[in-house]
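Down below is the structure, laid out as structure tokens.
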Amino acid sequence: MHIADGVLDVFVVIPTTIGAIGLLAYSLKGTKEEEIPKISLLTGAFFVSSLINIPIGPTSIHPVLGGFLGLVLGRRAPIGIFIGLILQAVLFQHGGVTTLGANMLLMSMPALLIYWANTWTKKWSYFVKGFTAGFFAICSGMLLLILLLLLSDERYSMGTFSVIHFVFIAYFPLAIFEGVLTGFAVKHLHSMRPSLFEEKES
């Protein structure tokens, strides 16, 4: 779900960068020292999983862990995503520098939506909660990606074999896979460390 440099129009890059800065400020506010180890651990998991990528036109498909980060890190998820994206762009040229803001929004917004929706899913089993989070994170990120591509250049949607069609076809199976993966991961982690899922005031 990483967008490379040069893919987005400058009039999309600027507002997404501003939005990402605001999102990061919201996530950083009130961060406590005891939260740093958990943020660091999940940042590492996100960094490694997102390096497994298959190029699809101007983007790529790979595990994102957005749903997992939303459930475990909650409001702090954008911090881990931001650090991971910077390291990937600088060390491996995975993603882009000018599109850092857009990439952060694609992955952080779904994670935050899952965190905010957690109030209504308290009675769900942890597998169902994890599957829903993983599936939703990929699907909503994909829709945001399609929107940014359409706002940048209408040619991304032209033709039967358009970039947007390829993105949709590639990401839907990934959404199911990530849903199942997140479901089992959340269920297993909760059985071992239920304290990781306890809600804390931010």
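The values are calculated or read from the model by the stated rules, or taken from the named source; none is laboratory data. None of these values were measured; they are calculated from a predicted model. Backbone-built Cβ (ideal geometry, glycine too); neighbour counts: all protein chains shown. The accessibility values were calculated without ligands, DNA or RNA, using every heavy atom of the protein model including side chains. Shrake-Rupley method; radii C 1.70, N 1.55, O 1.52, S 1.80 Å.
For the chain, the number of Lys pairs separated by eight or more positions or lying on different chains, with C-alpha atoms closer than 14 Å, is 6. The largest accessible area among Phe82, Phe177 belongs to the first residue in Phe177, Phe82, and the rest follow in falling order (1.4 Å probe, all chains).
Sites count as exposed loop sites when they are GluC sites (Glu not before Pro), lie in a DSSP loop, and have at most 14 other Cβ atoms within 10 angstrom; the longest stretch of the chain without one is 1-197. Computed extension gain for Thr160 through Leu28, at 0.36 nm per residue and net of the alpha carbon distance, reaches 43.2 nm.
Quick one: if the Förster radius is 22 Å, what FRET efficiency do Lys187 and Leu51 give, using the C-beta to C-beta distance and rounding to 0.05?
After rounding to 0.05, the efficiency reads 0.30.
Extending 7 Å from Cα along the Cβ direction at Ile36 and again at Phe197 yields two label points whose distance is 2.8 nm.
The residues of segment 135-184 expose, per residue, 54 Å² of accessible area to a 1.4 Å probe.
For the chain, the longest principal axis of the Cα atoms and the long axis of helix 77-92 meet at an angle of about 50 degrees.
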